[in-house]
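The values are calculated or read from the model by the stated rules, or taken from the named source; none is laboratory data. Keep in mind that this is a model prediction, so the values were computed, not measured. Every residue, glycine among them, receives a Cβ derived from its backbone with ideal geometry; neighbour counts consider all protein chains shown. Just so you know, the surface numbers come from the protein's heavy atoms only, side chains and all, with ligands and any DNA or RNA stripped out. Shrake-Rupley method; radii C 1.70, N 1.55, O 1.52, S 1.80 Å.
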Number of protein chains: 2
Amino acid sequence: VRVALLAGGTGGTKLAHGFAQVLPGDDLAVIVNVGDDLELHGLHVSPDVDALLYTLGGLIDTERGWGLRGDTFTAHAMLERYGAPSWFRLGDADLATHIHRTHLMRAGATLTEATAAMASTLGIGARVLPATDDPVRTRVETDAGVLDFQDYFVRLRHEPEVRGVQLAGLETARASASAVEAIAAADLVVIGPSNPVVSIGPILALPELRAAVEASSAVRVAVSPIVAGAALKGPADRMLRSLGHEATALGVAKMYAGLVHRFVLDDADADLARDVAALGMEADVLPTVMRTEADRAALARAVMEVSRPA
Amino acid sequence: VRVALLAGGTGGTKLAHGFAQVLPGDDLAVIVNVGDDLELHGLHVSPDVDALLYTLGGLIDTERGWGLRGDTFTAHAMLERYGAPSWFRLGDADLATHIHRTHLMRAGATLTEATAAMASTLGIGARVLPATDDPVRTRVETDAGVLDFQDYFVRLRHEPEVRGVQLAGLETARASASAVEAIAAADLVVIGPSNPVVSIGPILALPELRAAVEASSAVRVAVSPIVAGAALKGPADRMLRSLGHEATALGVAKMYAGLVHRFVLDDADADLARDVAALGMEADVLPTVMRTEADRAALARAVMEVSRPA
């Protein structure tokens, strides 16, 4: 089974790790959000891509949920001393990633090529595919003004209410050809349990990419990032509400109606299954909360199981 | 007394620190070699400038003689993992310097401006002035071929015999206006105890800079980097020999004949004083070996003392 997973953020990354545990490397393509990318200290930082590289490469700091296990923060302290912005705290090994990627890209590599080279040196078999090589940047309209995504997310700890989302650069951006091909070649297209607005949204906003999903003959399934009316991590629930959606699995299912054949809800939301089914998709009730690495693999297997063509 | 010190490498840096201990900040300008600069991981690395920043800022690792005290090497290990060149080992705080400088320069700052900004945040009063803002790069002709300076110096541990020295980019390079002005404004111009070929050579090779030294009405004094026929550190003695000079204080004095009024020899070389004087300069015999920070200040004071106009 060839799987193409759309992902960004913690939930999508965990599910990607689940699929990576149960599929041979080449059968998994993860199409990653780059709307969160930023330039920091002159370096290209791709938080969602890096979370995937570190997780699939077995390097992630599982306690903290970001960055590399055992990383040090010596450079950060020195950058702070030089008066450089310090609200985005980068570990030293993490900086090495940004330095190396930026170096490859300044030498002419696309983000896709740089990511592939780095994934390969980290021993990652799955293809980690940025949704686009062009700069599409998520900006959020808030009561505190229009903010760059990381400004909102990290510096302001996603406290301001989000009133709207803009994708700067979208008009001229092309979807990654590798990502489009991976979707076309997939037997199963999975929308991971990621924030539908700021993680999946910037991926599906790329017309060629959305068209590839819609044209795909694969089974298409989405996994709810909302469990029992709350995001497991991050501001997805509040963001859905302030943008006029329902902050429930059903609310997310409505956003994907017409795009996916199946929708996976958590056991805790079994009572919503009927309403989801009424949207014209199969509702699959599964344990979706991934506490352990085994949970991730189990959810990946279960998603493949329910999606198997009859 | 306004002092302009030409420096590069360990000896010159130590003497700069001596002057910084005995002069008010603004009265000291250190004109620094940039022939050793290199681009590494896409970052602009200025080893001689950094040695000065770290030494004058009180951050240098005095045990090792380079880099920052207490630095970690986490990023280096990760860069190595990515397959980046690893023969030039950069600490994490050191990387922060290169990241910050490169960022400032890509935003339009000259090396002089970036250095000034960084020196200021490190609380350094003396002016640290790169000899030029243009890329002049030292290449050494050796039995192993023509090598970039750090390739010769660090990667090959200055083992190959040096047959000649090239300064790539010299034809189109302009001396730093700040450096030229500092020399013109100085009461005392000191050529530090640095390698005359690859530390002082690339500074004086800049025509406007050499002309400024020659036109200066200041007392001009050089301090020998060779003591008892040997360099205290580095390959200066071997390099002098293989390039056809004498590897003695007298040999160095001959290289500066006509340019300086005075030449400082170490106590160990007192027997050469008469031959130095015969070159048409005053020979000053002083303890020049700087083992402690107090030694540095003492040598700076002694150089000012002997150079005081009668």
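With each label modelled as a point 7 angstrom along the Cα→C-beta vector, the B:A144-A:A185 pair spans 4.3 nm. Under a model in which nothing but the beta-carbon of Lys, Arg (+1) and Asp, Glu (-1) is charged, chain A shows a dipole of about 100 debye around its Cα centre. Only helical runs count toward this figure. For chain A, summing -39,500 (n - 2.57) over DSSP H runs of n ≥ 4 and dividing by all residues gives -10500 deg cm²/dmol at 222 nm. Here the range A:95-164 is treated with +1 on each Lys and Arg Cβ and -1 on each Asp and Glu Cβ, and its dipole about the Cα centre works out to around 260 debye.
Each other copy places its own label point for B:A184 at 6.6 nm from this one, sorted shortest first, where the point lies 7 Å along the Cα-to-beta carbon line. Other protein chain C-beta atoms within 10 Å of residue C-beta, averaged over A:102-109: 3. Once the C-beta distance of A:A294 and A:T172 is scaled by a Förster radius of 45 Å, the resulting FRET efficiency is 0.55 to the nearest 0.05.
Using θ = phi - 60° in the Karplus curve 6.51 cos²θ - 1.76 cosθ + 1.60, the 3J(HN,Hα) couplings for the range A:229-241 round to x, 9, 6, 5, 7, x, x, 4, 5, 4, 5, 4, 4 Hz; x is entered for Gly and Pro.
Diffusion coefficient of the range A:232-286 by Stokes-Einstein, Kirkwood radius over Cα pairs, 4 °C, 1.567 mPa s: 114 µm²/s.
Give, ordered by residue number, each residue of the range A:43-77 whose 1.4 Å probe accessible area is reduced by a minimum of 40 Å² on adding the remaining protein chains to the chain alone. Checking the loss per residue gives A:T74.
Relative to the Cα centre, the charge distribution of the range B:211-287, modelled as +1 at Lys and Arg Cβ and -1 at Asp and Glu Cβ, gives a dipole magnitude of about 260 debye. Inter-label distance, A:R308 to A:T121: 4.1 nm, where each label sits 7 Å from its Cα along the C-beta direction.
Rounded to 0.05, the FRET efficiency of the B:R89 and B:A257 pair, given R0 = 56 Å and the Cβ-Cβ distance, is 0.90. When A and B come together, around 2500 square angstrom of accessible surface is lost from both chains combined, probe 1.4 Å. Candidate cross-link partners of A:K254 among the lysines, defined by an alpha-carbon separation under 22 Å and a same-chain spacing of 8 or more, comprise A:K233.
The phi torsions of the range A:196-201, fed into the Karplus equation with coefficients 6.51, -1.76 and 1.60 and a -60° offset, translate into couplings of x, 7, 10, 10, 7, x Hz, rounded to whole numbers, with Gly and Pro shown as x.
Amide H contacts of B:L5 (H built 1.01 Å from N, in plane; Pro and chain starts excluded): B:A29, B:V30, B:I31, B:V190 sit under 5 Å, all sequence-distant by 5 or more or on other chains.
Take each residue in A:83-92, count the other chain C-beta atoms within 10 Å of its C-beta, and the mean is 3. Accessible surface calculations at 1.4 Å, restricted to protein heavy atoms, place the range A:56-150 at 40 Å² per residue. Residues of chain B were split at every exposed loop site, defined as trypsin sites (Lys or Arg not before Pro) in a DSSP loop with at most 14 other C-beta atoms within 10 angstrom, and the longest piece left, sites excluded, is B:90-156.
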